[in-house]
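Each remark here refers to the structure printed beneath this line.
Throughout, read-outs are computed from the coordinates displayed, never taken from laboratory work. What you are looking at is a predicted structure, and each value in this text was computed from that prediction instead of being measured. Using ideal geometry, Cβ is built from the backbone for each residue, glycine included, and neighbour counts are taken over all protein chains shown.
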Amino acid sequence: MWRSWKGGWRVSEELLYEGKAKKVFATGEEGVLLHRYKDDATAFDGKKRGRIGGKGRTNATMSAAVFAYLETEGVPTHFVEQVDEESIKTKRLEMLPVEVVVRNVAAGSLAKRIGYEEGTPLKTPIVELYLKNDELGDPLLNRYHFRELGVPDEDLDFCEELGLRVNEVLAPYFDEKGVTLVDFKIEVGRDAEGNLMLADEISPDTCRFWDKETGERLDKDRFRRDMGGVEEAYAEMLRRVTEIRERGAVD
Ligand code: C5P
């Protein structure tokens, strides 16, 4: 699989988009894109910049593993296959201008907004819908705002239900790896047939992961808050997600 990337179709790649954390290429296959994740890191709408060695590998490989798992649990995703350590192929989608955040524990902007101490468990998961717009700083909006901007209620219903379903599947998945899924952000897109599905990535860039025992942060907050140990945290999350348990062989 990796050989074909280095050989065959690499020549036909055409850069469609370069963002803060990835490049997106056309692949020559109809309706299929290649996302290559970068080690470049930004925070606070691009005001803080840096580089996290190994981040591209963690984000591509974790996204591949998590999307594949979600598919087995009946969650529709854009994932097609992992191509190399830093790249995945996905379906080509029309993205909704929405960032869906789901939270289990108060942290970050929610802790500030509702006056909770970080780390306070929430009674039930909270879903929030943000407008995906860097210039406006991705504001938190309600349905009236989204209607005004042309995003219909049924698409928002799908976003909320998908967010809660992803949480239902991934909270126990990460718990089993010794990690509390504090909160996460997902994005949603529509394929050529009109089907909505999970898109973007699931990684330490887009989730808060806290070690279940120690509370240690294993995500991008280490970069945002200058906590040190950033590369180690990304490597540790990659290890926990990809670790092959050979219990059968050991027992
Ligand atoms: O900053 P805030 O507390 O609102 O972030 C909630 C969650 O959404 C965090 O896991 C954060 O990593 C993620 N997020 C993101 N992209 C953004 C904003 C938040 O991935 N633009």
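Rounded to the nearest angstrom and listed largest first, the equivalent-ellipsoid semi-axes of the chain from its Cα gyration tensor are 26, 24, 19.
Only helices enter the 222 nm calculation for the chain: every DSSP H run of n ≥ 4 contributes -39,500 (n - 2.57), and dividing by all residues gives -9500 deg cm²/dmol, rounded to 500.
When the chain is treated as a GNM with alpha-carbon contacts under 10 Å, the residue of 87, 63, 109 showing the greatest mean-square fluctuation is 109.
Which chymotrypsin sites (Phe, Trp or Tyr not before Pro) does the range 42-124 hold that lie in a coil by DSSP with at most 11 other beta carbons within 10 Å? Mind dumping the intermediate values first?
Details: sites: 44, 67, 69, 79, 116; in loops: 44, 116.
Counting only loop positions with at most 11 other Cβ atoms within 10 Å, the chymotrypsin sites (Phe, Trp or Tyr not before Pro) in the range 42-124 are 44.
The range 53-108 and the range 180-251 have Cα centres lying 10 Å from one another. Over all directions, the projected convex hull of the C-alpha atoms in the range 84-136 averages 6.2 nm² in area.
Which peptide among 194-200, 212-218 comes first, and what is the full order, when sorted by highest mean count of other Cβ atoms within 10 Å? It would help to have the intermediate numbers written out before the result.
On the way: 194-200: 18.0, 212-218: 14.6.
Ranked from most to least packed, the peptides come out as 194-200, 212-218.
Answer with one residue from 194, 164, 235: the one whose Cα lies farthest towards the positive end of the charge dipole of the range 164-251, charges on Cβ with Lys, Arg +1 and Asp, Glu -1. After comparing all options, I get 164.
Label sites at residue 15 and residue 169, each approximated as a point 7 angstrom past Cα along Cα to Cβ, lie 3.3 nm apart. Pairs exceeding a 20 Å alpha-carbon distance, out of 22/212; 123/212; 38/212: 22/212; 38/212.
Shape descriptor for the range 141-251: Rg over Rh equals 1.07 (Cα atoms; Rh from the Kirkwood inverse mean 1/r).
Computed from the C-beta positions of residue 114 and residue 177, the FRET efficiency with R₀ = 41 Å rounds to 0.90.
Just in the range 8-113: which trypsin sites (Lys or Arg not before Pro) are loop by DSSP and have at most 10 other Cβ atoms within 10 Å? If you can, show how the numbers build up before the last one.
Values: sites: 10, 20, 22, 23, 36, 38, 47, 48, 49, 51, 55, 57, 89, 91, 92, 103, 112, 113; in loops: 20, 38, 47, 92.
Filter output for the range 8-113: 47.
Each label was represented as a point 7 Å from its Cα along the Cα-to-Cβ direction; for residue 226 and residue 192 these points are 5.0 nm apart. Figure legend: label point modelled 7 angstrom from the Cα of residue 126 along Cα→Cβ; residues of the range 173-217 with amide N under 15 Å from it are 182-185, 208.
With the simple model of a label 7 Å out from the Cα in the direction of the Cβ, residue 32 to residue 239 spans 3.4 nm.
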